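Contents: one structure, followed by commentary.
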Amino acid sequence: MAPAEPNAPPFRPKGEIPHFAEERVGWRGYIEWEKYPEKKKQVAEILKRYDFPDPPEFQLVPLPKTNPVLTGERWKQYHYACGLGYMPQFSWETVLKEKAEDMIHVLQFPYNGEAPGERLISKELTDNKDHFVRNHGGIPDIDADAFTLDITGAVNNPRRFTLAELQDEKVFPRQTNIVTLQCSGTRRIEQIHEYPGDGDELINAPWGEGAISTARWTGVSLKKVIKACGGLKDGADNIEFFGADTYFKKGQVYNYVVSVPWRKVKVNEVLLAWEMNGQPLPKIHGYPLRALVYGYIGARSTKWLYEVRAITRPSAAPVQRKEYLYYTPQIGKQNAKYSNGFSIQDMPVSSAIISPKDMDQIIHDGKISLAGWAYSGGGHWPVRVEVSGDGGSVWYEVPYQNMSTKYYHAWRTWKMDLPVDAEGWLEFCVRTWDNAMNTQPTFVRSAWNWDLHVTSSAHRVKIYSINRSRPTTAARLKQIEERGESILPITLPLHFDLETDEEYEAEMERRAWRDPLE
């Protein structure tokens, strides 16, 4: 299916559409909000004029079978109202230019997309065109030669760096690591299907198993850049990242801002990256510079990074304080507060079955081939992957030879031929153990949370087993083939009788018919 073009939303301006000048020459699509409270106040007044459409309901009703699945009309209208109506079109053009043609567009604007699963796990490193994208606003277009990065806040010597200065190997040794990024919404569709939750203003996108990817990233350790600024002042224990994209929350406008603790920076696990798989960052992935935070949720790896600020507490910005929170299963719309959830940082151990897919019907000879990925954040790595063909009672270990290379901060892909004797509907599931002996909750309900983050339970797919090694099944398959029919899909009735009258009566004689003699 060809992806839809971003329709201009039915937006009628109330009064003159404002013009907010772009902050710098060569920085298209970047409006600085954080330094100008008066501009933020003006936007809040503008947004009050409009009755924007409600977020779409897609949890209690079937999701549309379209690509993109959701279009983000509400978010587009926010941008139109603030004079940023060009951003949806430019962002979509960038998607079409930089991403694979068959990308699964989960949300058109701001763009969220994942690659088809089979191709995603076909390589240890994900091609740039297939790497998942989770954006929170439009895509800025920044010239590398106009780019600067400010190091501010509680540092001893605040400085501004050009990209060329950061790339000067005489000053800053380069660091290259293979790192997996994972959205905390990966596999959210499973929670939605079983127990719907918060729809969120931005839309908690209905991700499948593809909101995870792995690349070789090159840049400079943020620790070394801060050292070049004389280090931190006493009391500074968090590092705040500012991204050039525009973000909205409950009638207010912001730049994208998050933070990580200084301890994460100190161990050289925060990279200022300008290269992805040996190529300059694509625009959609943060060109010309982004943060890369190893083992944390993808939301902390800020794209289009323009400022790094040392602070004494975690960021008060809404993405850090009010979002990406993990609640207990008894917290919901009736009682949720920002303070009764905890901030998600390290990604837990997780895994997925990519092949076969849920509801597949498989003809086999006693074994079914499975393949997928396994990951653990926070500096842990997958040690063992186990699969089950009966919903989680009996587990089989994936042979270590069938798992990809171990890295400190990356996934492992895996494959296995699972012994399967049973026929009919079966439930396959997978779980992973990491080097700290962490594993996954068994059921979705165990890990359900109001914001629908971190679906870390054992991933499950239902398949219909047709075991050709069983004589009666082999005979039926031969019958079907001789008549030029197919057993698939199983829901389509056969066009011939299942047995002749003579066969029926002979078999019933052997079974002593239906009723007892006395």
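Some points to look at:
- Descending by average beta-carbon neighbour count within 10 Å, the peptides 82-94, 58-70 line up as 82-94, 58-70, the highest first.
- FRET E, pair E499, E38, Förster distance 60 Å, beta-carbon r, rounded to 0.05: 0.15
- Gain upon complete extension [K65, L488; 0.36 nm per residue less C-alpha separation]: 150.1 nm
- With all pairs of separate Cα atoms included, region 415-469 yields a Kirkwood hydrodynamic radius of 13.4 Å.
- Label separation (K129 vs A144): 2.1 nm, computed from points 7 Å beyond Cα along the C-beta direction.
- The chain, helix-only ellipticity at 222 nm - DSSP H runs n ≥ 4, -39,500 (n - 2.57), divided by all residues, nearest 500: -4500 deg cm²/dmol
- Region 27-343 - percent of accessible surface contributed by carbon and sulfur, probe 1.4 Å: 50 percent
- Remark: for residue pairs K97/K322; K41/K337; K97/K223; K65/K322; K250/K337; K333/K357, the C-alpha separation exceeds 23 Å in K97/K322; K41/K337; K97/K223; K65/K322; K333/K357.
- Computed extension gain for T405 through E57, at 0.36 nm per residue and net of the alpha carbon distance, reaches 121.2 nm.
- For the chain, the solvent-accessible area with a 1.4 angstrom probe is 46 square angstrom per residue.
- Compared with the direct C-alpha span, the chain from D234 to A100 gains 43.5 nm at full extension, assuming 0.36 nm per residue.
- When each of the peptides 484-491, 458-465 is scored by the mean number of other C-beta atoms lying within 10 Å of its residues, the order from highest to lowest reads 458-465, 484-491.
- Shape of region 384-447, Cα gyration tensor, a/c cut at 1.5: oblate
- Region 27-343: translational diffusion in µm²/s, Stokes-Einstein, Kirkwood Rh over Cα pairs, 10 °C, 1.306 mPa s: 79 µm²/s
- Highest-first arrangement of 419-429, 122-132, where packing means the average Cβ count within 10 Å: 122-132, 419-429
The values are calculated or read from the model by the stated rules, or taken from the named source; none is laboratory data. Quick caveat, the model's predicted, so the values are computed rather than measured. For neighbour counting, all protein chains shown are included, and Cβ atoms are generated from backbone atoms with ideal geometry for every residue, glycine included. Heads up: the accessible areas ignore ligands, DNA and RNA and are worked out on the full protein's heavy atoms, side chains in. Shrake-Rupley method; radii C 1.70, N 1.55, O 1.52, S 1.80 Å.
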